[in-house]
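Note sheet for the following structure.
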Amino acid sequence: MTPSESAMPMFRFFETLVDPYCPYQARDTPPQTLWRFMWDYAQPFKRVFCLAALLSVLVAGVEIALIYYMGWIVDALQGDPGQVWAEHGGTLIALAVFILLLRPLIQGVDVLLLNNTILPNFGTLIRWRAHAHVLRQSVGWFENDFAGRIANRIMQTPPAAGEAVFQVFDAVTFALAYAAGAVIVLGQADARLMLPLLAWFVAYGWLMRWAIARVAPASQAAADARSAVTGRVVDSYTNIHSVKMFAHHDRELEFAREAIEDARRTFQAEMRLYTKMDFGLVALNGLLIVSVVGWAVWMWMQGQASVGAVAAATALTLRLNAMTGWIMWALTTLFRQLGVVAEGMQTIAQPITLLDAPDAKPLQVRRGEIVFDDLRHAYGRETGGLEGVNLTVAPGEKVGLVGRSGAGKSTLMKLLLRFYAAEAGRIVIDGQDIAHVTQDSLRRQIGMVSQDSALLHRSVRDNLAYGRPDATDEQMIRAARQAQALEFIHDLEDPQGRRGFDAHVGERGVKLSGGQRQRIALARVILKNAPILLLDEATSALDSEVEAAVQDTLYEMMEGKTVIAIAHRLSTIARMDRIVVLDQGRIVEAGRHADLLTRGGLYATLWAHQSGGFLGKD
């Protein structure tokens, strides 16, 4: 066994002291203050943190003790060499054993706790729980922010929090213990040597307070600016087809440049603080060396201090001189990282606004009746959206929704899926108000194919399995064949050489054509086989030949299901049991296709204005 292999169990022991995926009680409203936020995440680490603090104090104590014994050795060596060994040989051997064996053991365990227990696991725990929290947010919440900025905060907050905790135990606890030990050592040499050191501590504390008070907000501003850059850059990349199509390369560069320049300015302001801090630190350290060492030398010249005391005072001040820059940098790093955490909290500590009712039960769909009862929703505005919609969809009925853009069709679908909570009125499925059933159970009972048939950046198989995770390959193949997708799936190959159902489709399915994405999305819903089916322009991306074949599949899918379908191409819903016409958030007509044409109302006008089956503008 090699040394590295024999060391692996030791690493594994420390790496598994805390499970970052341990069960926890999810909060709908996370703590809103920084320290309570950090403390909430720190609960599984409490014992480890206590041990790390204790070891940090021990490490500092060992460093102070070594300086003290260095002075003692200088004084001991003033006598006859033979007598020195006779009187102090045992102590010198004990010191050597301690330095060679116990000191590395204490520092080794301290480093293992910091590097192998805290740093990897604390950040992982925060990222895991933050991601879980964000995934629970509503669709509306995601629509109000950049996906890139949300992802950036999920990625940058955990390492910042881990670095902050690391600095607490690696620097802050160590520094406090070291400062206390330094005062004790100088006090034992001569109490008067404590005075310049204490005065220096006061000045050093003032400098730290000045720096920290400015670094935290400057760091948060810099983190905000970096997130803005990420949001704008990702927005450009996500919409690269539009950027290229409209030839707006320069416009996107300028759009990003504004955010990049703002990030540069905020970073410059942050760095100015560090430069001022360094100037102040150099001046203070000069005063420390001159005052403590100078006073110790003067006392020695007056016969009031030993050579060992001078040596200990000199070693101590030089060590403090070397440490102060590190401690100051560590403290400012601590507060800079806390600033990053505070910026990340703007996303990952936002309360969940769309919650299941406390008494929510799973939805039980027995017949599939849907009732929209005086439904009103305007997205918080005074007008727009839905204004008092009353509609009953009978079990197994196929209803088409028609209306101009902005009439409220998509809003009706989103409220049925409970992507938003209705501002007034209610939706009832088989006698159960959907506001009092669990959101997951509601959405499991609904299959939807939309015109925005975005896919996950995973394999075709993974995308299909999203509709039914336990589906067999045979069931997936059958669903793909029904959706007219099997032939092109067999021909797929991604840049990594994966073929067929194993081929990856790219971000949002970008490597496939619109029609191919639509057919995979359709196959996914076929596989899901939910009792309620929603179709939002389900065939809009298909060419005429494929659409004709898929339409037959759609009507097969509808058998025995309650269906609501949105279509601008009215010919696709002409065979529905009933067509409901929305205008300005209200139902203005309802009936079968032929009856509505006979009435000569809005539906007949829309039908007359179509060219090739599409709605006109008026």
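The values are calculated or read from the model by the stated rules, or taken from the named source; none is laboratory data. Everything numeric in this text was worked out from a predicted model, so none of it was measured. Please note: Cβ atoms are built from the backbone with ideal geometry, for glycine as well, and neighbour counts cover all protein chains shown. With ligands, DNA and RNA removed, areas are computed over all heavy atoms of the protein, side chains included. Shrake-Rupley method; radii C 1.70, N 1.55, O 1.52, S 1.80 Å.
Applying the criterion of being of a type in the set (D, E, K, R) and part of a strand (DSSP E or B) to the residues of the range 381-440, the residue that is nearest to residue 574 (Cα to Cα) is 398. Might you let me know whether the range 76-97 holds any residue that is farther than 30 Å from residue 300 by Cα and open to solvent by less than 60 Å² (accessible area, probe 1.4 Å)? No, the range 76-97 has no match at all. In the set (1) under 27 Å from the mean Cα position of the chain (by Cα); (2) outside any helix (DSSP H, G or I), residue 224 fails one condition alone, (2).
Of the residues 385, 339, the single one that is surrounded by 20 or more Cβ atoms within 10 Å (Cβ to Cβ), more than 30 Å from residue 584 (Cβ to Cβ) and either without any contact (Cβ under 8 Å) to a residue 40 or more places away in the chain or small (Gly, Ala, Ser) (or both) is 339.
Checked across the range 255-270, the condition of being in a helix (DSSP H, G or I) and at pLDDT below 85 holds for at least one residue. Identification of helices (runs of 4 or more DSSP H) wholly contained in the range 106-203 with 1 or more residues that are open to solvent by less than 60 Å² (accessible area, probe 1.4 Å) and free of Cβ contacts under 8 Å to residues at least 12 places away in the same chain yields 173-189. Checking each residue of the range 319-327 against the condition of being in contact (Cβ under 8 Å) with a residue 12 or more places away in the chain, outside any strand (DSSP E or B) and at positive phi gives no match. Of the residues in the range 1-15, at least one is open to solvent by 30 Å² or more (accessible area, probe 1.4 Å) and within 26 Å of the chain's Cα centre (by Cα).
Residue 12 falls short on exactly one of the conditions (1) among the charged types (D, E, K, R); (2) part of a helix (DSSP H, G or I); (3) at pLDDT 80 or above; (4) over 21 Å from residue 106 (Cα atoms), and that condition is (4).
Does residue 408 satisfy being crowded, with 20+ Cβ neighbours inside 10 Å and at pLDDT below 90? So residue 408 passes the test. Cβ-Cβ contacts under 7 Å between residues 6 or more apart (or on different chains), taken from a first residue in the range 205-231 that is open to solvent by 50 Å² or more (accessible area, probe 1.4 Å) to a second residue that is among the aliphatic types (A, V, I, L, M), are listed as 214/273; 220/342; 226/263. Taken over the range 499-533, residues that are touching a residue at least 40 places away in the same chain (Cβ under 8 Å), open to solvent by 40 Å² or more (accessible area, probe 1.4 Å) and in contact with an Asp or Glu (Cβ under 8 Å, 6 or more places away or on another chain) amount to 1.
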